[in-house]
Amino acid sequence: MRPMRGFNGGGGGGFGGGFVGLESMAAKLAVALVAFSALYLATRGGQGALLLLNPYDVLRGRVWELFTYAFIAPDPLGIIFGGIIIWSIGGFLESTWGARRLLMASVGITVFAGLLTVLLALVMPMASAYAGGSVMTTVLWVAYGLVIGRGQANFWGIPLTGNWFAAIGAGFTVLRLLTAPSWQFLAPELISLVLVFAYVRGASPKRLFLHLQHWRLQRQLRDRSKHLRVVGKNRPPDRDQFLN
């Protein structure tokens, strides 16, 4: 059984079992969230809107919004708690996965969820602005719980398994969905829940590519087999010369 991880509302332990150093990837991601969010709040009446994800802007060529929106929390409370969650939980995942995989899970899944939202905008109406700080924190929260699995975690002094911890993180999104005008307003966050579950369970772009390659080869073999004919045992001898 994995050791209990601290996620306390006060006292020792802290989020995700403690904070890592400022040189870590988790700390850099937390600093990026705070910096970009502060920049957005300072300029939201003007150019700050270009930091958010607008699917229709991306379709017109503003592809940077897929990346910048991941680091935007639109209110002070979201900035504070988002930075703490990324730094602490991200630090635990970094110590377990390494910096590269943490980056793939946090930024990669958030950006990919944004890209899928943009693609959905081609076939149905979507919201015009998304802040992805909550998407990234939800991804890390759920990933943390799934990594612990049946081991023990601690949510504000309440001991529970990692799987339940992940369910609570997903539950926050469901509660927000109940108060949202429509599911489109939470599209990246909803998509990210599916992506993070698949990622922690072993899915990856490389594995997906290998599966696609395998499917393609199998299909080519099936197509070629349709043109093959079985040579009968009673084949006339005078036709065997063409086989040599």
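The values are calculated or read from the model by the stated rules, or taken from the named source; none is laboratory data. These figures come from a predicted structure and were not determined experimentally. Neighbour counts are summed over all protein chains in view; Cβ atoms, including those assigned to glycine, are modelled from backbone coordinates with ideal geometry. Accessible surface is based on the protein model in full, side chains and every heavy atom, while ligands, DNA and RNA are left aside. Shrake-Rupley method; radii C 1.70, N 1.55, O 1.52, S 1.80 Å.
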Reported to the nearest 10 Å², residue 194 has, with a 1.4 Å probe, an accessible area equal to 100 Å²
Stretched fully, the stretch from residue 155 through residue 179 gains (0.36 nm per residue minus C-alpha distance, one decimal, in nm) 6.2 nm
The extension gain from residue 104 to residue 218, computed as 0.36 nm times the residue separation minus the Cα-Cα distance, is 38.0 nm
Quick calc, residue 42 & residue 194: beta-carbon distance into FRET formula, R0 25 Å, rounding 0.05, result 0.15
Honestly the stretch 24-157 on the Cα gyration tensor test (a ≥ b ≥ c root eigenvalues; a/c under 1.5 rounded, otherwise a/b vs b/c for prolate or oblate) is just prolate
Regression test value, accessible area per residue of the stretch 37-150, probe 1.4 Å, units Å², expected 42 Å²
In the stretch 46-183 the accessible area split gives carbon plus sulfur, as whole percent at 1.4 Å, a share of 71 percent
Most packed first (mean Cβ within 10 Å per residue), the peptides 110-122, 145-157, 41-53, 85-97 order as 85-97, 110-122, 145-157, 41-53
